[in-house]
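Below: one structure, written as structure tokens.
The values are calculated or read from the model by the stated rules, or taken from the named source; none is laboratory data. As the structure is a computational prediction, the values presented were derived from the model and not from experiment. Here the Cβ positions follow ideal geometry from the backbone for every residue, glycine too, while neighbour counts run over all protein chains shown.
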Amino acid sequence: MLLIKKMQLLRSIEEFLDPHADVVFIDRFYNFEVMTGSYLVKNSAWSRQFLLEFADYSSRISKNELSSDNVALHAYLAERIVPKNNTELATCIRIYDNIKGYGDLFLYEVCIRKLLGYGTSFGRIKILHKGTGWVRDPRMTNSKWSKERDFMFHNWKEWLQISYVNTPISVKINSSLRRTSWYNPIIGELNLSLCTPGNTTWNMDENLIESQLVIEAQLKEYEQEVEKMRKKLLAHLALLTDLWFHETRNESFKVTLEPLNQSWLAYAM
């Protein structure tokens, strides 16, 4: 079971709405993807058509073991946002068509994001920058959170829930644990009968609550590592693009293109 859990009531989902956007996505923090796990949609004719076309889009791209709605979303967004005469999208799709593992998958995502640009507003579509959305993965802060900044956690799988042994709990990632492991912020059993509007009586584990300043500092440090990885993949993309360009012209082009590490663990910071 995959959980997205609301953390506290100091913030509301309305903070993340934009009157000028029909669909609001999030830039996932620990990699380069536009999340499909959680997004906001205005109940409009435009949004309904957007979702119907997105649902149908997966049938238009090739299938591989890493195919998913998330993979399809990136190409779909590019088709919706990028001018029709753009030629770079073909490079991104070619990368996807030749995916052998997670290295290629993340290269594909980096390619699409470069194509889209790094702003937030794309007409009726909005993509919030890292750390500014309503939901994030717990891994970057070792399941610790701030009442002032955090709203929801994403990607809690029940079978990966663990219990901590010692306190205080560091905000740094414990390298001895799986990166997707998590601690439950609620003490005791979850009483679903209390899930009613206005209830604020959740018994939160104080050992997992941290100051906003500490959480922000850890997220900033983590984001810098993600940026380093993005730059490495962009350098690889530039070489690959040059290589393919010269191939189409039957020209010789000497380049040393190191193969990407295709293991997910190589990118699981």
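Quick check on Thr180: is it more than 30 Å from Leu17 (Cβ to Cβ) and part of a loop (DSSP other than H, G, I, E, B)? It is false that Thr180 is more than 30 Å from Leu17 (Cβ to Cβ) and part of a loop (DSSP other than H, G, I, E, B). Considering only residues that are under 18 Å from Phe50 (Cβ atoms) and not aliphatic (A, V, I, L, M), look in segment 73-90 and name the one that is nearest to the chain's Cα centre (by Cα). Per the stated criteria, the residue is His74.
Within segment 242-269, how many residues turn out to be assigned to a helix (DSSP H, G or I), within 27 Å of Phe29 (Cβ to Cβ) and among the hydroxyl-bearing types (Ser, Thr, Tyr)?
Of the residues in segment 242-269, the ones assigned to a helix (DSSP H, G or I) are 242-248, 264-266.
Restricting the remaining residues to those that are within 27 Å of Phe29 (Cβ to Cβ) gives 264-266.
Adding the requirement that they be among the hydroxyl-bearing types (Ser, Thr, Tyr) leaves none.
Count: 0.
May I ask you to verify whether Met152 is among the aliphatic types (A, V, I, L, M) and in contact with a strand residue (DSSP E or B) (Cβ under 7 Å, 6 or more places away or on another chain)? The answer is yes for Met152. Whether a residue is surrounded by fewer than 17 Cβ atoms within 10 Å (Cβ to Cβ) and either at pLDDT 90 or above or not acidic (Asp, Glu) (or both) was assessed, and Ile95 does not pass this test.
Would you check which residues across segment 136-161 are surrounded by 13 or more Cβ atoms within 10 Å (Cβ to Cβ) and either in a strand (DSSP E or B) or β-branched (Val, Ile, Thr) (or both) and list them?
First, pick out the residues of segment 136-161 that are surrounded by 13 or more Cβ atoms within 10 Å (Cβ to Cβ): 136-156, 160-161.
The answer is Arg136, Thr141, Trp145, Met152, Phe153, His154, Asn155, Trp156, Gln161.
Could you look through segment 191-206, keep only residues that are part of a loop (DSSP other than H, G, I, E, B) and hydroxyl-bearing (Ser, Thr, Tyr), and pick out the one that is farthest from Val171 (Cα to Cα)? My answer is Thr196. Taking each residue of segment 157-182 that is free of Cβ contacts under 8 Å to residues at least 24 places away in the same chain and looking for partners that are among the basic types (Lys, Arg) with beta-carbon atoms closer than 8 Å, six or more apart or interchain, yields Leu160/Arg178.
Pairs are defined by a Cβ separation below 8 Å, a sequence spacing of at least 6 or placement on different chains, a first member in segment 27-49 that is at positive phi and among the charged types (D, E, K, R), and a second member that is surrounded by fewer than 16 Cβ atoms within 10 Å (Cβ to Cβ) and part of a loop (DSSP other than H, G, I, E, B); no pair meets this definition. Check whether at least one residue in segment 208-221 is among the polar types (S, T, N, Q), under 25 Å from the mean Cα position of the chain (by Cα) and in a helix (DSSP H, G or I), and report yes or no. Yes, segment 208-221 has at least one match.
Going through segment 55-96 one residue at a time, which ones are in a helix (DSSP H, G or I), more than 22 Å from Lys231 (Cα to Cα) and of a type in the set (D, E, K, R)? Asp56, Arg60, Asp69, Glu79, Arg80 - these are the residues of segment 55-96 that are in a helix (DSSP H, G or I), more than 22 Å from Lys231 (Cα to Cα) and of a type in the set (D, E, K, R).
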